[in-house]
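Comments concern the structure below.
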Amino acid sequence: MLDQNIAREVLQEAVRTGGDFAEIFVEDRIDNSLVMRSHRIETVNTGRIHGAGVRVFSGVNAVYVHTNDTSREGLMACARQAAAAIKGGSGCIVQPFHAWNAARPEEILLLPTDVKAALKAEKLHAAEAAARAVSPEIVQVMASYIDHVQDVCICNTEGVFVTDRRVRTRLSVNAIASNGTENQTGSDNPGASMGFEIFDHLIDPENVGRTAANQAVTMLHAPICPAGYMPVVIDNGFGGVIFHEACGHSLEATSVSVGVSEFSGKLGQQIASPVVTAIDDGTIVNSWGMLHVDDEGTPTQRTVLVENGILRNYMIDRLGARRMGMPITGSSRRQSYAFAPTSRMRSTFIAPGQDDEAEMIATMGDGLYAKKMGGGSVNPATGEFNFAVNEGYLVKDGKIAHPVRGASLIGRGSEVLLKIDRVGRDLQLAQGMCGSISGSVPTDVGQPMIRVSGLTVGGR
């Protein structure tokens with residue numbers, strides 16, 4: 001993708017005016033998508049993203065310039081523009097490259113770009129048919145399929161020269177149930193860093209369709225959730241979105257390094273219950289958030305953020321490391337070459353504990369069982385959050401009574417962490433797209449079932 005001699009020229013030009021570090025990121029990516037609605041394929045799209053960016057540091061100041069012209073002339077023009085904004089620094093010497101290929105072809109058995117659209121459409125038809133078969137109350141189903149193959153090359157003045165291939169595939173189903181006067185929706189959206197073999201090893205389209213439809217039908221017949229302060233059990237998988245949003249973003253150097261996180265300066269302090277250990281891991285093979293190397297060319301790693309309630313680490317990119325005086329953690333990510341990278345989550349989850357899941361509910365008294373979480377909002381500076389519960393059940397005297405809809409969970413990340421009194425054993429991950437200043441990137445959220453001793457539940 002990038003000739004090493006040209007890369008050296010570009011980097012030398014980028015630091016010519018005094019920059020003390022420079023980096024090139026080159027990307028070539030193919031995206032495919034199909035969308036099905038009302039028994040028919042509505043859209044079939046294929047797109048290509050191709051371009052590069054040059055970033056220059058001088059101390060803790062950074063300049064990023066990008067282009068879709070990856071010729072020598074295009075890259076040199078980027079380098080000159082970036083260098084023009086950096087003057088009077090200490091400068092640096094471009095070190096000899098240590099070239100290597102981070103890709104692991106054995107992880108991808110069937111490249112999705114080699115699969116015909118008709119075979120991909122078959123998966124959508126199967127998912128839709130299964131969803132509609134759940135109940136005559138299912139009145140609409142939208143199924144979508146996406147895949148991408150991204151090739152990158154990353155090099156810098158410190159001698160890094162690495163190439164990598166990232167492959168991801170995902171199926172999403174949204175079902176709508178109606179009784180003629182009101183509608184409720186359900187969804188399921190599994191994906192992984194895998195090729196089309198994902199449908200042989202991980203995803204059953206019919207099961208995805210049924211899961212989405214059953215959720216919609218269940219919520220259609222559920223009464224409105226009562227509001228109040230109560231114990232809440234949050235199920236595994238996508239329940240981890242609360243830690244991701246309410247706490248995870250506050251542990252990224254993006255906010256910590258500039259002092260706008262509620263967890264700034266708290267390393268070594270207790271920020272969670274002793275039963276909580278939280279991890280960000282980019283090394284889980286085939287996981288949605290997996291990376292061999294991050295978008296700065298640093299090998300990814302397993303980073304323990306919270307250990308038995310004690311804050312042990314942050315997620316740190318190269319610029320954050322300079323600001324904080326701490327090691328980088330292979331957590332730098334970007335949506336595409338059009339974005340400068342920054343610290344981001346990969347697969348972020350609460351680690352398995354020792355508690356029995358049935359006991360959590362049996363001993364909670366009256367409360368809420370949040371089986372499936374939805375989206376929400378959070379303020380990273382304060383940790384205050386508000387999340388929808390897509391599928392919830394009222395618990396009476398330790399027994400699940402009946403489903404409820406319209407529930408939301410309201411609180412503050414740092415307070416919720418301290419109120420987790422049970423952590424189950426069955427860890428599951430769920431897939432999503434996370435947005436931040438470096439764009440939208442695929443991430444896993446996850447946890448075992450957990451119990452929060454008290455939490456404000458919005459309802460009626």
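The values are calculated or read from the model by the stated rules, or taken from the named source; none is laboratory data. Source: prediction; values computed, not measured. Cβ: placed from backbone, ideal geometry, glycine included. Neighbour counts: every protein chain shown.
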* Hey, any hits in segment 214-226 for a residue that's within 21 Å of Trp288 (Cα to Cα) and among the polar types (S, T, N, Q)? -> no
* Meets criteria (at pLDDT 95 or above, touching a Lys or Arg at 6+ places or on another chain (Cβ under 7 Å), farther than 21 Å from Gly91 by Cβ and surrounded by fewer than 22 Cβ atoms within 10 Å (Cβ to Cβ)) for Ile30 -> yes
* To do: Report yes if Gly19 is under 22 Å from Ala85 (Cα atoms), part of a loop (DSSP other than H, G, I, E, B) and touching a residue at least 60 places away in the same chain (Cβ under 8 Å), otherwise no.
  => yes
* Structure fact -> Only unsatisfied item for Pro380, checking (1) in contact (Cβ under 8 Å) with a residue 60 or more places away in the chain; (2) touching a strand residue (DSSP E or B) at 6+ places or on another chain (Cβ under 7 Å), is (2)
* Counted residues, segment 293-311 - those being under 19 Å from Ala192 (Cα atoms) and buried (at least 22 other Cβ atoms within 10 Å of the Cβ) -> 4
